[in-house]
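Below is one structure, written out as structure tokens; the observations come after it.
The values are calculated or read from the model by the stated rules, or taken from the named source; none is laboratory data. Quantities reported herein were computed from a predicted structural model and do not represent experimental measurements. Glycine gets a Cβ as well: all are built from the backbone with ideal geometry, and neighbour counts include every protein chain shown. Only protein heavy atoms, including side chains, enter the accessible area calculation; ligands, DNA and RNA are left aside. Shrake-Rupley method; radii C 1.70, N 1.55, O 1.52, S 1.80 Å.
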Amino acid sequence: MTDINTLINQFNTLPDWQARYRALILLGKTLPTPSESELTQMRQLAGCEVPIFFAIDKHAEQHKVRLYSQSRIINGLFVILLSQLAAQPHGQDLDFHATLEKCGIHGHLSATRLAGLAEIERQIKTALSVAE
């Protein structure tokens, strides 16, 4: 998993939204595709334009968040979110919108996409606080 600060710096070196959009798509290709069996074990989040699959697995004392969508751009956003979460494993200070602003992405996303990401962030924070 790429360090969140490295990702922010990489996005900031890109000249415009089109370059950031392409970078998000390429980043999305790096997210592992779950098997059909894994997808059935993941929870599907309601209210999203495309199916979003979500799971939190507990291994020893650590929690692993898994996210997946059929949309490459959404998966690119998930890679950024998971990188941020790796830096804040308990999710208490998770502020995905601020991270997207730092990457120069936030202002280019639709209101519905931002609302969906906010819901995913809320569900992650809730799940991690319950899992503690």
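Summary of values
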{"read-out": "Considering residues of the range 36-56 that are of a type in the set (D, E, K, R) and touching a Phe, Trp or Tyr at 6+ places or on another chain (Cβ under 9 Å) only, the residue least open to solvent (accessible area, probe 1.4 Å)", "value": "38"}
{"read-out": "Set 115, 86, 98, 127: member being assigned to a helix (DSSP H, G or I) and at pLDDT below 85", "value": "127"}
{"read-out": "Of all residues making up the range 14-35, the number that are aliphatic (A, V, I, L, M), under 20 Å from residue 64 (Cβ atoms) and surrounded by fewer than 16 Cβ atoms within 10 Å (Cβ to Cβ)", "value": "0"}
